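J.: My questions all concern the structure below.
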Amino acid sequence: MSARKINLTVNGRAVEAEVEARVNLADFLRQTLALTGTHLGCEHGVCGACTVIVDGRPARACLMLAVQADGAKVETVESLGTPEALSELQLAFRDRHALQCGFCTPGMLMTIEALLRVEAAPTREQIRDVLSGNLCRCTGYQAIVDAALDAAEARRGTR
Amino acid sequence: MSTRYFGAAVPRLEDPRLLTGKGTYVDDIVLPGMLHAAFLRSSVAHGRIRRVDATAALSMPGVRAVYTMADLGGFGARPMPAMAPHPLLKTPITCSPLASDEVCYVGEAIAMVLADSRAEAEDALGAIELDIEHLPVVADARQGVAAGAPRAHSGRDSNVIATLRGSHGDVDAVFAAAAHRFSETFEIHRGGCHSMECRGVVAAPEPRSGELSLWTSSQSPYMVRRHLATYLGRDEADIRVTAPDVGGGFGPKANVYPEEFAVALAALACGHPVKWIEDRQEHFLATTQQRDQFWSLEVACDAAGRMLGVRGRCIHDNGAYAPYGLILPATALASFPGPYALAAFDLSIDVVLTNLVPTSPVRGAGRPNAAFVLERLADTIARRLNLPREEVRRRSFVRAEQMPYVTGGKMRDGSPVAYDSGDYAKALSLVLEKIDAAGFARRRAEAAARGRLLGFGLASCVEDTGLGPFEGASVRVTPAGKVVVTTGAASQGQGHATTLAQIAADALGVDLSQVTVKAADSRVFPLGISTIASRVAVTAGSSVEIAARKVRDKAIKIAAHMLEAGEHDLELENGQVRVVGVPDMNVALSTIARILSGSAGVPIPAGVEPDLAATGYFEANQLAFAYGSQACEVEIDPETGDCRITRYVVAHDCGRLINPMIVDGQIRGGVVHGIGNALFEHMRHDEAGQPLTATFADYLLPGAAEMPDIEIHHIETPSPRNPIGAKGAGEGGTIPAAACVISAIQDALGPTAPFVTMHPVSPEQIVEWIDQTRK
Ligand code: FES
Ligand code: FES
């Protein structure tokens, strides 16, 4: 297998690595960079568990090769907050009980994070629409929608 | 007991970790020298293995070993132990860790490759030469019971492995005397489970100690340890099994799987840690599903529509093996008569082997099937007698004053079923009021004006929860004043760490942040059973309460001595034992813990055992019965058959709520699972037993855009059968949900439409029914 050199920024940190062309971005993040917050639930682009933000837009890390991320700016769940200092969105997830097993959660967070950057005041329908690419088997989604609305409000400073 | 945390919607302790990507799921575990496994699986539903040749595969890059069962034969090429032996199953019907002779479903593992990476292991799979002779296939349980049908296992003379029977009263007399008798046949498809995390195992031999460590995404880590120890002829103490963070379970992860054994055997054979992470396609092929049931039933009622008796038969598809015994069909049977006070019933279930992936419980475990047919029978009566659906139910329910109510049915272990407490009619009235059933006619007319069909649905259920015999817990106060709770009860996202901590914090008067819960690690707590059957709050929760009370008593005894106060004058508050009304007179729990943890040569108070700790095992020998009613509205587009759920209301009683926020989460998730079963989830196979829906592109899970907001109302009738008054809440959302949605679709289609007796219901099917009705 031919390895290629890539340069990218991951969570604000410059990364230079040799990767096999066939390695997808999710495996690269998880295995090479040990950023295991990005999860794989289907590896065929339907479940959204692997969602990360690439150059400002949500992307499925299982459908993108690591070599395609050469030169890109990648953000994963590890960039949002820490257990001691959760981001507004993470706090809203906790307060609304928007996660149970937590497996879909990083993908949910990154999808909503990307939405809130372009849409400061999304409606319930808009959020449900955006989440249609992220599957969750535990929560039934309602609490995730609530959390997204709360986080949007918190960011707008109306809470 | 103070009630600072019990009953409060406190945020979960597990969340900060999980929200920041700091969870540790099995795939996040990396060990030095670890090899990656991939399985060669059968591509035919039934066949005889003639030859497996791995010569070419072994020379591929990164490949370290290829194992068949013959290569692992030193460990005994036997079938796996049966998880739940049943007297009707004379011999266990389980597969081997790897098939060596006959394969009985597409996806059965035949060989495994170990390589430096999963990708290299998968590359090598393609280079293994496999020669399989095709054998006749039975892919439908109805076909399987027919005379002359092909055999799912060539060595068996019948596909019917057992016939289960449940009866009570003189059913023939009840039917003979009844004013009305109606019959229906039902086809229930429940699909798979699809936790978002697939299964995974890491096994690591410890060369120095000879121990074997296993991390597995299991609901039953202690069962894995027990059965693996038996299989290997080892002591349980030499095997450490841990379930780390697990990304959802929902039933199938309660099984002990061939892959768990194969990975363990491979690690012992090669001396390296071995990891296997199931991919979604494997999950579709090799993780147990909850498969089809076909019911032929008759119901008898009096002139007022009161349900008196039910009789009939079910054909149950058990798939290719019965690793979990007869648990699934037995649970379906034990779920009769549901909330209804029947004078008699007589039911039998033929359990049939087919050449499909084995079946096992999925959320609700057969109870949704029983609820579906019972609720459809109630709707049949209403339709035939032109009565409101709620009236039939109200007249037929077990009444509050009949509690405790002996149903005449039997539990899986043969003991009589007795409902403990509750008011079923009250839940029904509550849900009707909250959904504004009275205003439905107006809403229907408005929808009709927009060209839409609006339907109103209703369903009720009873759920046996808190299955025994026990889950235990230890509670320990450390010399630093922290409280550590350990238990065998695994969590797959239910929030046990928080609910169990709430119970312990209240009993010991400490802040919740001082409590840590460690679960599902056999090195940390010696015994455990399974996180199934909505049982952990009742069993582990009660055990934490018992253990924490013992610790409390111990602390009070020491403090009374130190403070020279009477034990009755002391309370636990703020991490201290203090004199009631004189908070300045106190001794910290940490001080007591330090005294009881001992110093060389310094005596501890006489008559007190060392360590400020205790273990509790609540013996759950009687079940706690949760119940509830659900109501919903669906709006159908008659042109496309598109069916949207526009309202959904739940009334539920699971006894005392430990954390209402967590309970609501369980119920919402459960309802959505049931909606998926009603409208989307369909695992299709062709006649040759080939799965046709093996990706999320063709097997549909409910998504955020299609799901309604769900309103939940609680009734809290404490269970008298455990010290915390709790009943389980994990499955009550799912059990009646499919029946509720189908009832609404029926209502939308109108009184002259065909009677709906199956699910899932597709848009095409709805259009077809609309066409038939208009004809
Ligand atoms: S893992 Fe990428 S979408 Fe499912
Ligand atoms: S929280 Fe478990 S899948 Fe979403």
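J.: Quick one: count up the residues across region B:714-753 that are open to solvent by 10 Å² or more (accessible area, probe 1.4 Å) and polar (S, T, N, Q).
T.: Looking only at that region, the number is 4.
J.: Filter region B:404-437 for residues that are assigned to a loop (DSSP other than H, G, I, E, B) and at positive phi and give the result.
T.: Listed by number, the residues that qualify are B:Gly414, B:Gly422, B:Asp436.
J.: May I ask you to list the residues in region B:217-233 that are open to solvent by 20 Å² or more (accessible area, probe 1.4 Å) and farther than 10 Å from B:Val256 by Cβ?
T.: Within region B:217-233, B:Thr230, B:Leu232, B:Gly233 qualify.
J.: Sticking with this one: Being open to solvent by 10 Å² or more (accessible area, probe 1.4 Å), away from ligand 1 (no atom under 16 Å from the Cβ) and either touching a Lys or Arg at 6+ places or on another chain (Cβ under 7 Å) or facing another protein chain (nearest Cβ under 7 Å) (or both) narrows it down to one residue among A:Glu84, A:Glu88; which is it? Break it down stepwise before answering.
T.: On the way: A:Glu84 fails: either touching a Lys or Arg at 6+ places or on another chain (Cβ under 7 Å) or facing another protein chain (nearest Cβ under 7 Å) (or both).
Testing whether each residue is open to solvent by 10 Å² or more (accessible area, probe 1.4 Å), away from ligand 1 (no atom under 16 Å from the Cβ) and either touching a Lys or Arg at 6+ places or on another chain (Cβ under 7 Å) or facing another protein chain (nearest Cβ under 7 Å) (or both) leaves just A:Glu88.
J.: While we're looking at this one, here's another question. Residues being over 21 Å from B:Ile29 (Cα atoms) and either within 16 Å of ligand 2 (Cβ to nearest atom) or open to solvent by 30 Å² or more (accessible area, probe 1.4 Å) (or both): count how many of those fall in region A:22-50. Reasoning before the result, please.
T.: Just the residues of region A:22-50 that are over 21 Å from B:Ile29 (Cα atoms), to begin with: A:22, A:44-48.
With the extra rule that they be either within 16 Å of ligand 2 (Cβ to nearest atom) or open to solvent by 30 Å² or more (accessible area, probe 1.4 Å) (or both), the set shrinks to A:22, A:44, A:46-48.
Summing the residues that are over 21 Å from B:Ile29 (Cα atoms) and either within 16 Å of ligand 2 (Cβ to nearest atom) or open to solvent by 30 Å² or more (accessible area, probe 1.4 Å) (or both) in region A:22-50 gives 5.
J.: Here is a further query. Six or more apart or on different chains, Cβ under 9 Å: which pairs go from a residue in region A:131-149 that's over 23 Å from B:Cys198 (Cα atoms) to one that's assigned to a loop (DSSP other than H, G, I, E, B) and within 16 Å of ligand 1 (Cβ to nearest atom)? Could you list them?
T.: A:Gln142/B:Ala704; A:Val145/B:Ala704
J.: While we're looking at this one, here's another question. How many residues does region B:438-483 hold that are in a loop (DSSP other than H, G, I, E, B) and touching a residue at least 60 places away in the same chain (Cβ under 8 Å)? Quick ask: steps written out before the conclusion?
T.: The initial filter retains those residues of region B:438-483 that are in a loop (DSSP other than H, G, I, E, B), namely B:450-452, B:466-471, B:478-482.
Filter again for touching a residue at least 60 places away in the same chain (Cβ under 8 Å), leaving B:451-452, B:466-471, B:478-481.
Count: 12.
J.: Specify the residue that is farthest from B:Gly466 (Cα to Cα); the eligible residues are those in region B:489-524 that are hydroxyl-bearing (Ser, Thr, Tyr) and in a helix (DSSP H, G or I). Even if it seems obvious, please write down each step before you answer.
T.: First pass over region B:489-524, keeping only residues hydroxyl-bearing (Ser, Thr, Tyr): B:491, B:498-499, B:513, B:516, B:522.
In the following step, the residues that additionally are in a helix (DSSP H, G or I) were identified as B:498-499, B:513.
On the way: B:Thr498: 18, B:Thr499: 15, B:Ser513: 27 Å.
In this case the residue turns out to be B:Ser513.
J.: Before we move on, is B:Val483 surrounded by 18 or more Cβ atoms within 10 Å (Cβ to Cβ) and modelled with pLDDT of 95 or more?
T.: On the way: surrounded by 18 or more Cβ atoms within 10 Å (Cβ to Cβ): yes; modelled with pLDDT of 95 or more: yes.
Yes: the conditions hold for B:Val483.
J.: Surrounded by 15 or more Cβ atoms within 10 Å (Cβ to Cβ) and of a type outside the set (A, V, I, L, M) - does that describe any residue in region B:125-138? Let's see the steps before the verdict.
T.: Residues of region B:125-138 surrounded by 15 or more Cβ atoms within 10 Å (Cβ to Cβ): B:125, B:127-128, B:130, B:132, B:135, B:137-138.
This time we only want the ones that are of a type outside the set (A, V, I, L, M), so: none.
Scanning region B:125-138 turns up no residue that is surrounded by 15 or more Cβ atoms within 10 Å (Cβ to Cβ) and of a type outside the set (A, V, I, L, M).
J.: May I pose another question? Looking for something within 7 Å of chain B (Cβ to nearest Cβ) and in contact with a Gly (Cβ under 8 Å, 6 or more places away or on another chain) - is there at least one such residue anywhere in region A:49-71? Walk me through how you get there before you give the answer.
T.: Step one: of region A:49-71, the residues within 7 Å of chain B (Cβ to nearest Cβ) are A:49.
Next, from what is left, pick out any that are in contact with a Gly (Cβ under 8 Å, 6 or more places away or on another chain): A:49.
Yes, because at least one residue in region A:49-71 is within 7 Å of chain B (Cβ to nearest Cβ) and in contact with a Gly (Cβ under 8 Å, 6 or more places away or on another chain).
J.: Filter region A:1-57 for residues that are among the hydroxyl-bearing types (Ser, Thr, Tyr), modelled with pLDDT of 95 or more and out of contact with any Pro (no Cβ under 8 Å at 6 or more places or on another chain) and give the result. Before you say what the answer is, go through the steps one by one.
T.: Our first condition is that a residue be among the hydroxyl-bearing types (Ser, Thr, Tyr); within region A:1-57, this holds for A:2, A:9, A:32, A:36, A:38, A:51.
From what is left, the residues that are modelled with pLDDT of 95 or more are A:9, A:32, A:36, A:38, A:51.
Selection gives A:Thr9, A:Thr32, A:Thr36.
J.: Hey, another quick one. Within region A:64-106, how many residues are of a type in the set (A, V, I, L, M) and within 12 Å of ligand 2 (Cβ to nearest atom)?
T.: Step one: list which residues in region A:64-106 are of a type in the set (A, V, I, L, M), which gives A:64-67, A:69, A:72, A:74, A:77, A:80, A:85-86, A:89, A:91-92, A:98-99.
Checking which are within 12 Å of ligand 2 (Cβ to nearest atom) leaves us with A:98-99.
Final tally of qualifying residues: 2.
J.: Regarding region B:266-277, can at least one residue be identified that is buried (at least 24 other Cβ atoms within 10 Å of the Cβ) and touching a Ser or Thr at 6+ places or on another chain (Cβ under 7 Å)?
T.: no
J.: Can you report the number of residues in region A:11-56 which are within 12 Å of ligand 1 (Cβ to nearest atom), assigned to a strand (DSSP E or B) and more than 13 Å from the chain's Cα centre (by Cα)?
T.: Of the residues in region A:11-56, 1 are within 12 Å of ligand 1 (Cβ to nearest atom), assigned to a strand (DSSP E or B) and more than 13 Å from the chain's Cα centre (by Cα).
J.: Mind listing whichever residues of region B:355-380 are hydroxyl-bearing (Ser, Thr, Tyr), outside any strand (DSSP E or B) and within 23 Å of B:Phe250 (Cα to Cα)?
T.: So the first thing to find is which residues in region B:355-380 are hydroxyl-bearing (Ser, Thr, Tyr), and the list is B:359-360, B:380.
Then keep just the ones that are outside any strand (DSSP E or B); that gives B:360, B:380.
If the condition is that a residue be hydroxyl-bearing (Ser, Thr, Tyr), outside any strand (DSSP E or B) and within 23 Å of B:Phe250 (Cα to Cα), then B:Ser360 is the only one that fits.
J.: Across region B:648-672, what is the total count of residues that are more than 13 Å from every other protein chain (Cβ to nearest Cβ) and either open to solvent by 10 Å² or more (accessible area, probe 1.4 Å) or under 17 Å from B:Gly466 (Cβ atoms) (or both)?
T.: The qualifying residues number 7.
J.: So, of the residues in region B:675-706 that are out of contact with any Pro (no Cβ under 6 Å at 6 or more places or on another chain), over 25 Å from B:Ala286 (Cβ atoms) and open to solvent by 10 Å² or more (accessible area, probe 1.4 Å), which turns out to be nearest to the other protein chains (Cβ to nearest Cβ)?
T.: B:Ala705
J.: Identify, please: which residue in region B:8-27 is open to solvent by less than 40 Å² (accessible area, probe 1.4 Å) and assigned to a loop (DSSP other than H, G, I, E, B) and is, among those, farthest from the other protein chains (Cβ to nearest Cβ)?
T.: Within region B:8-27, the subset open to solvent by less than 40 Å² (accessible area, probe 1.4 Å) is B:8, B:10, B:12, B:14-16, B:18-21, B:23, B:25-26.
From the residues that got through so far, the ones that are assigned to a loop (DSSP other than H, G, I, E, B) too are B:8, B:10, B:12, B:14, B:20-21, B:23.
Details: B:Ala8: 13, B:Val10: 10, B:Arg12: 7, B:Glu14: 7, B:Thr20: 5, B:Gly21: 2, B:Gly23: 5 Å.
Once the filter is applied, the top-ranked residue is B:Ala8.
J.: If A:Met108 passes every condition in (1) within 9 Å of chain B (Cβ to nearest Cβ); (2) crowded, with 24+ Cβ neighbours inside 10 Å; (3) closer than 17 Å to A:Gln142 by Cα but one, which one does it miss?
T.: Result: A:Met108 fails condition (1) only.
J.: Can you report the number of residues in region B:608-632 which are open to solvent by less than 80 Å² (accessible area, probe 1.4 Å) and in a loop (DSSP other than H, G, I, E, B)? It would help to see each step written out before you state the result.
T.: Taking region B:608-632 and keeping what is open to solvent by less than 80 Å² (accessible area, probe 1.4 Å), we get B:608, B:611-616, B:618, B:620, B:623-632.
Those left that are additionally in a loop (DSSP other than H, G, I, E, B): B:608, B:611-612, B:618, B:620, B:623.
Looking only at that region, the number is 6.
J.: For B:His316, which of the numbered conditions (1) at pLDDT 95 or above; (2) surrounded by fewer than 24 Cβ atoms within 10 Å (Cβ to Cβ); (3) not in a loop (DSSP other than H, G, I, E, B) fails to hold?
T.: (2)
The values are calculated or read from the model by the stated rules, or taken from the named source; none is laboratory data. Since we're looking at a predicted model, the values are computed, not measured. Using ideal geometry, Cβ is built from the backbone for each residue, glycine included, and neighbour counts are taken over all protein chains shown. Accessible surface areas use protein heavy atoms only, side chains included; no ligands, DNA or RNA. Shrake-Rupley method; radii C 1.70, N 1.55, O 1.52, S 1.80 Å.
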